[in-house]
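For reference, the structure is listed below as structure tokens.
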Amino acid sequence: MTRGPIHIHIAEQVREVEACLAWSGQRPVQWLYAHAAVDERWCLVHATHVTPEEVRLMAGSGAVVGLCPITEANLGDGLFPMREHIAAGGRFGVGSDSNVLIDAAEELRLLEYGQRLTLRGRNVLSPANLSTGRWLYQQALEGAGQALGVRAGLAVGAPADLLELDPDHVSLHGRSGDSLLDSALFAARNGAVRAVWRNGRELVREGRHLNRDAIQTRYRAALDRILA
Ligand SMILES: [Zn+2]
């Protein structure tokens with residue numbers, strides 16, 4: 001039997017929770033934990049509508065929650081109870097789902113701002129001794145590694161996934177250390193990304209995907225087919 005990661009989209013919308021209750025008498029996350037040995041291999045995507053008891057189940061199991069704030073906002077799903085999840089020791093990563101917009105920094109920004117808007121406070125998630133950008137990035141990086149079943153970070157044996165910011169980007173001017181991450185996530189947007197390496201392979205150089213032209217041509221052709 002393979003031991004790879006297991007991803008499941010769960011409890012994203014209220015109607016889905018109601019349908020599950022009508023079918024089984026249990027909520028989706030509740031039902032899952034009653035029927036499967038959920039552990040660190042599991043990534044529960046969305047998990048938007050969960051009770052405090054379900055938050056405790058998820059956090060206690062070591063599973064990672066896969067949040068898609070852009071998609072969840074676009075579809076009007078609701079907000080994940082992030083503060084309760086973090087307080088319970090829960091883990092999270094972010095990802096794109098509907099692909100309405102693919103932007104890792106925007107996912108983290110929206111995640112943070114959604115919580116600030118509902119909780120009416122600043123820095124509602126990160127510990128006082130860490131910058132919000134550093135905390136969000138670090139947590140999401142580790143959560144993503146867990147969701148992919150690979151080690152995160154710069155280490156022997158880990159995938160060479162590297163991201164280089166453009167130090168000349170105007171939004172990063174005069175910033176250093178963790179404040180660079182704060183500005184990159186909250187102010188600079190994706191124009192600040194200069195290079196990307198995935199698994200030791202260079203994909204983006206000088207802010208431009210090496211296959212950008214071919215990708216754009218294929219994308220336009222696909223859209224033309226769909227919209228025809
Ligand atoms: Zn989904």
Accessible area (Å², 1.4 Å probe, nearest 10) - residue 9:
100
What number, in percent, do you get for the relative contact order of the chain if the mean sequence gap of Cα pairs under 8 Å and at least 6 apart is divided by its residue count?
14
With a 1.4 Å probe and every protein chain left in place, work out the accessible area per residue of the range 170-217 in Å², rounded to a whole number.
66
Taking 178, 224 and ranking on accessible area (1.4 Å, protein atoms only), highest first, one gets 224, 178
Interatomic Cα distance distribution for the range 160-228, bins of 5 angstrom, percent:
4, 16, 18, 17, 15, 12, 9, 5, 2, 1
I'd like the FRET efficiency for residue 189 and residue 40, computed as 1/(1 + (r/R0)^6) with the beta carbon distance as r and R0 of 30 Å, rounded to 0.05.
0.35
Loop-located GluC sites (Glu not before Pro) in the range 2-75, at most 15 other Cβ atoms within 10 Å (DSSP):
40
Between the range 102-130 and the range 162-228, the Cα center-to-center distance that results, in Å:
22
Extension length gain for residue 219 and residue 101 (0.36 nm per residue less Cα distance), in nm, is 41.1 nm
Assigned charges on the beta-carbon of Lys, Arg, Asp, Glu; the range 160-228 dipole about Cα centre (debye):
400
At 25 °C and 0.890 mPa s, the Stokes-Einstein diffusion coefficient in µm²/s for the range 132-193, with hydrodynamic radius from the Kirkwood sum on alpha carbon pairs, is 195
Have a look at 127, 81, 28 and tell me which one the Gaussian network model of the chain (Cα, springs below 10 Å) gives the largest fluctuation.
127
Correct response: the longest run of the chain lacking exposed trypsin sites (Lys or Arg not before Pro), defined by DSSP loop and at most 15 other Cβ within 10 Å, is 4-119
Report the dimensions of the chain along its three principal axes from the alpha-carbon atoms, largest first, rounded to Å.
55, 52, 39
To the nearest 10 square angstrom, what accessible area does residue 219 show with a 1.4 Å probe?
140
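The values are calculated or read from the model by the stated rules, or taken from the named source; none is laboratory data. Please read these numbers as outputs of a predicted model, since none were measured by experiment. No Cβ is skipped: glycine too gets one built from the backbone with ideal geometry, and neighbour counts run over all protein chains shown. The area values use the complete protein model at the heavy-atom level, side chains included, leaving out ligands, DNA and RNA. Shrake-Rupley method; radii C 1.70, N 1.55, O 1.52, S 1.80 Å.
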